[in-house]
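Asks: Please find one structure pasted underneath; my questions will follow.
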Amino acid sequence: MNLLYQRVLESMEMTTGDSGRRVAKAILKWVSCAMRPLRTEELTGALNLDLGDKYDALEEMTPKLCGQLVAIDKFGNVQIVHETVREYITGDDLQSAFAVSKSQAHTRLAMICLSYLTKSNVLSWIEGIARTRILTPIIQAATNLRAYVKKCDAPNSQELQAIRGATTDLIRVIAKFSDALTAAPASIYIFIPPFCPRTSTLYKAGMRCRTTSLSISGLSYDHWDDRLTCIDLQSDEFTSIAYGDELFAVGTTSGVVTIYHATSCEEHKVLNHGETIRLLQFRPRSDILVSCGLTNVTVWNSRTGAEMYKLPAPFRPIELHFDNDILVVASRRNFLRSWDLNSNATPQANKPWSHSDAETPKPSSLQPCAISFSAGHQKLAVAYVGQPVTIWDLEYDEYYGSCGKMLVNGEISKHPVTSLSFNPNPDIRLLAVSYLDGQLTLLDPFEGEELGSFRANCRALTSSPNGRLHGGVGACETIHIYEFGTLKLLYRIRSSELDIKQLVFSRDNFHFADIRRSQCNIWEPAMLLRETVAGDWGESTSMSVIEATTSEDKIRISTMVLHDQDQVVICGKDNGSVCLHDARTGAFLQTLHRHKCQVRSLTWQGGNHVAMSVDMANRIHASILTKGPGGWASTEFPLQLDCGHAIVQLLRSESTNRFILSARESDYLWDGNGKQIAARPYLEKQGVRLWIEHPLSESHAICFEGEIARILCWEDCSEVSCRQLAVNMAGLQLKSLRRYSSGHKRRMLLELTELNGSSRTRGLYVFDAASFKLENEMPAAKRAEREKAGFNRLIDMDIPAVQAALPSEVNSSLSDPVVGEETTQSYPQQQVTDPLFRPQLMALSRHVSHIIHLSDTGKLVFLDTNSWVSSIDLDGFEKSTPATAPAPAPEAVPGPRSTSPPIQYSRHFFVPHDWYSGTRDIVSAATARDVFFARNGEIAIIKNGMEYYEEVTVGISV
């Protein structure tokens, strides 16, 4: 073969000129030294960089220049025809113009790659990988860089420190921005660097190369934080947590179970178990969630929030477990109670276990102090005080044996056990045991062998689903993460918070969470992602130690509004303060007034310069804010009211100097001096109501109650008119109500959300204010007649019943009378008000997660369901469709759907999920150019982000 290859090389020398030989040798160099076959476009780019010229017709050029040594297959891969060709042309003794020196060639290739990567397009390789939608190579690159740094002689040099930081940056980018990268690979240049810490290599690269004008002010964000988010309760405590495949759930002492999305930590569903939650468990690879208290075991559909079964709990349940379709609950009385969920939760016979090998096992009189199931091995490990760890065979329902750490005298220890954890991987036969004396021991319970033991002072043990990691809560509430097979410490978190109750890993092994009193912390260490993807545990010798930051370190912003001149931001905080921040820098300026507890809502009236706030105790404070030559000045208004009900909304009228306090039980009308004028009680709770000033009349306000809109006077809160809204409220409730103008027309945007569920937007409706126009003011005689009927000042006013027939698509669940027995007044016929642009808004609402801002001219700024800040001009709907889209008539026969021209909205920039995760309501605002988010007690101001846009097309079906 060598003679054949020699003749081919000689022929190439004779048939090609100098320029051809130069190109041929470059092709042979790249193809023979590449770690994998190069695609034609990759080799073209490499030759352009190597030779400084452009070569486009590579498919035609390669066979002519390289003879039969290099081939291009039908998939566009360029490669050596046979491995013997590579060996021949890279041989040390080859005397030819086309000989390739391995050392020189690899050096040349490395220099070209480094030269390319140190230019302004330093991030282009990330974009290239993102276009494949498979981001694993980025993690692998970070792992390789980390390995190279470890082999260098000067590990503390500045250059190597930068490379070490880059490895963390790459892993963090995948963890936080994978959705943005796969949706828009070019976002690595524009949107991602500004959201990285200022000390990160990626942030510096973006700023140095000036790839974006987008910038963020107001955040003290200098380093990556391993804590993804913190869910903080105000008046409750966490008792249990569990991860599913795509969701996780937390239970509380009040019996509430809240379900969140595992990736974004966005609230999904809120369930009510009815008693303190002791245990939670997701069934693997299904939507089933089980919550357990002392009395009941409830089986839920975690997707829909529906209760599937309510079952009686055994005495003092201590553990939940799934054996395929069988739900198993372990009792402290040493027996298992189970139900077959595949057969309508049919109860199974109770199965006792024992800590002895008696022929007829009886439940022990001892109570277990720790327990762990092994589904793969069908074993149960149970610890008792004064006994070795018992292993019970679940398959044969018999005593299997005992195990534990070995004492000096060769006996098995009977010291008290604090926690047990089987390795969940069925191929790994290991059990971790933590003892009260501080010893953490690794056992092979099947052989009765002790594999390792040391003093760790751990409790609350847990294992990652893949069986590679093991976690525990150590002394001083320190979280330790170990390699399960060796108990080698890989990661540690120190915390100042006490009483960590539980630690659990996510199903994807990339996160873990802990609950402690009123906090639930979600952690996302770079180590988890790197080690899980790379799979190289041999390199895991370094240990990362961080100091956990609790929510008490920074006072969180619970609500905020923009000053009408966009100079300052008014913020309500969870410590009760109402503060002023600079709208350009986010810096704190001054405190306006203080509540004694968290501020719930905040309003700003520019005409009167009044900021009013409501706290969690339903007290109302107000301040007058003015700007003088010396800066901003605030005067606390002499208004400190105490409403007896939970206030949902505060609406103030600038023209009448009156305001409405809306609670679920009643609505109250007050004057500016703090005097109550009228009250409207609701004898049956109807859910959330929203008030808005009438767009066409300063003397009136409109109250939206589900499918009903009532027009009332600011003078005495008396009702003058009522409208039936052609909207579908089935399973939904009101979320927000805003006004805007379309030319000379006035309109209102109604936003709906899920009833007793996630706060994500579930419906959008636009109404023309002309539909609420008052033809005539109510005459005095009519008003006197209404006052006799019970609508008197300072007298409880019942809400009139609505008897109007509803359109076929409108749910009538909220149209029943909700008044007391004495109410007799009713309206014989109601005007039905149809929303505008029904098909367009129905299609758009599927992509809206949260409305950030609605401008006076109808530009809607929102966070879409993929976490992109987006916008759309609502006026654009009118140019392409008729002004009204009436509801279908009841007698209409369903037919094939017709399609309308699609709509488009603009996608501007991506917001990391952890910016708003763990909170029910996203605290945000926007101006024409900037967008504001409350994050970790600070105001993040994203500047120039609205300048970038990409059109997203949404199809419409009508």
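Asks: Which condition number does D340 fail, the rest of (1) without any contact (Cβ under 8 Å) to a residue 24 or more places away in the chain; (2) under 29 Å from W523 (Cβ atoms) being met?
Replies: (2) is the only condition that D340 fails.
Asks: From the list L320, L280, L366, L327, pick out the single residue that is crowded, with 19+ Cβ neighbours inside 10 Å and closer than 26 Å to H415 by Cα.
Replies: Result: L320 is the single residue among L320, L280, L366, L327 that is crowded, with 19+ Cβ neighbours inside 10 Å and closer than 26 Å to H415 by Cα.
Asks: Does any residue in the stretch 391-410 that is closer than 16 Å to F422 by Cα come within less than 7 Å, Cβ to Cβ, of a residue that is surrounded by fewer than 20 Cβ atoms within 10 Å (Cβ to Cβ) and among the charged types (D, E, K, R) six or more places away or on a different chain, and which pairs are these?
Replies: Y400/D393; K405/E450
Asks: A further question on this structure: Please go through the stretch 667-702 and give me each residue that is touching a residue at least 24 places away in the same chain (Cβ under 8 Å), part of a strand (DSSP E or B), closer than 23 Å to W604 by Cα and out of contact with any Leu (no Cβ under 6 Å at 6 or more places or on another chain), ordered by number.
Replies: Answer for the stretch 667-702, where residues must be touching a residue at least 24 places away in the same chain (Cβ under 8 Å), part of a strand (DSSP E or B), closer than 23 Å to W604 by Cα and out of contact with any Leu (no Cβ under 6 Å at 6 or more places or on another chain): D667, L669, W670, Q676, E693, H700, I702.
Asks: Also, I was wondering about something else. Looking only at the stretch 212-260, which residues are in a loop (DSSP other than H, G, I, E, B) and closer than 16 Å to L503 by Cα?
Replies: Listed by number, the residues that qualify are D226, E237, G244.
Asks: In the stretch 865-877, which residue that is surrounded by fewer than 19 Cβ atoms within 10 Å (Cβ to Cβ) and not polar (S, T, N, Q) is modelled with the highest pLDDT?
Replies: D873
Asks: Go through the stretch 585-609 residue by residue and tally those that are modelled with pLDDT under 90 and surrounded by 20 or more Cβ atoms within 10 Å (Cβ to Cβ).
Replies: Residues that pass the stated criteria total 0.
Asks: Can you tell me which residues in the stretch 556-576 are of a type in the set (S, T, Y) and more than 17 Å from S235 (Cβ to Cβ)?
Replies: The answer is T559, and nothing else.
Asks: Which residue out of T418, T486, T441 is β-branched (V, I, T), over 28 Å from the mean Cα position of the chain (by Cα) and not in a strand (DSSP E or B)?
Replies: The unique qualifying residue is T486.
Asks: What pairs can you find where one residue is in the stretch 1-28 and under 20 Å from I72 (Cα atoms), the other is in a helix (DSSP H, G or I) and polar (S, T, N, Q), and their Cβ atoms are less than 7 Å apart, with a gap of 6+ or different chains?
Replies: Sorted first by the residue in the stretch 1-28, then by its partner, the pairs are I27/T62.
Asks: Continuing with the same structure: Quick one: how many residues across the stretch 572-583 are touching a Ser or Thr at 6+ places or on another chain (Cβ under 7 Å), assigned to a strand (DSSP E or B) and either surrounded by fewer than 22 Cβ atoms within 10 Å (Cβ to Cβ) or of a type outside the set (A, V, I, L, M) (or both)?
Replies: 4
Asks: I've got another one for you. Kindly indicate the residue of the stretch 842-861 that is part of a strand (DSSP E or B) and of a type in the set (A, V, I, L, M, F, W, C) and also surrounded by the fewest Cβ atoms within 10 Å (Cβ to Cβ) among those meeting that condition.
Replies: Filtering the stretch 842-861 for residues that are part of a strand (DSSP E or B) and of a type in the set (A, V, I, L, M, F, W, C), the one surrounded by the fewest Cβ atoms within 10 Å (Cβ to Cβ) comes out as I852.
Asks: Out of (1) within 19 Å of F637 (Cα to Cα); (2) in a strand (DSSP E or B), the odd one out for C597 is which?
Replies: It is condition (2) that C597 fails.
Asks: Do we find that N457 is surrounded by 21 or more Cβ atoms within 10 Å (Cβ to Cβ), touching a residue at least 12 places away in the same chain (Cβ under 8 Å) and not assigned by TED's automatic domain parsing to the domain that holds P284 in this structure?
Replies: no
Asks: All but one of (1) part of a loop (DSSP other than H, G, I, E, B); (2) β-branched (V, I, T); (3) surrounded by fewer than 14 Cβ atoms within 10 Å (Cβ to Cβ) hold for V100; state the number of the condition that does not hold.
Replies: With respect to (1) part of a loop (DSSP other than H, G, I, E, B); (2) β-branched (V, I, T); (3) surrounded by fewer than 14 Cβ atoms within 10 Å (Cβ to Cβ), V100 is out only on (3).
The values are calculated or read from the model by the stated rules, or taken from the named source; none is laboratory data. Everything quoted here is computed from the prediction, not taken from an experiment. Cβ coordinates were reconstructed from backbone atoms using ideal geometry, including for glycine residues, and neighbour counts include every protein chain displayed.
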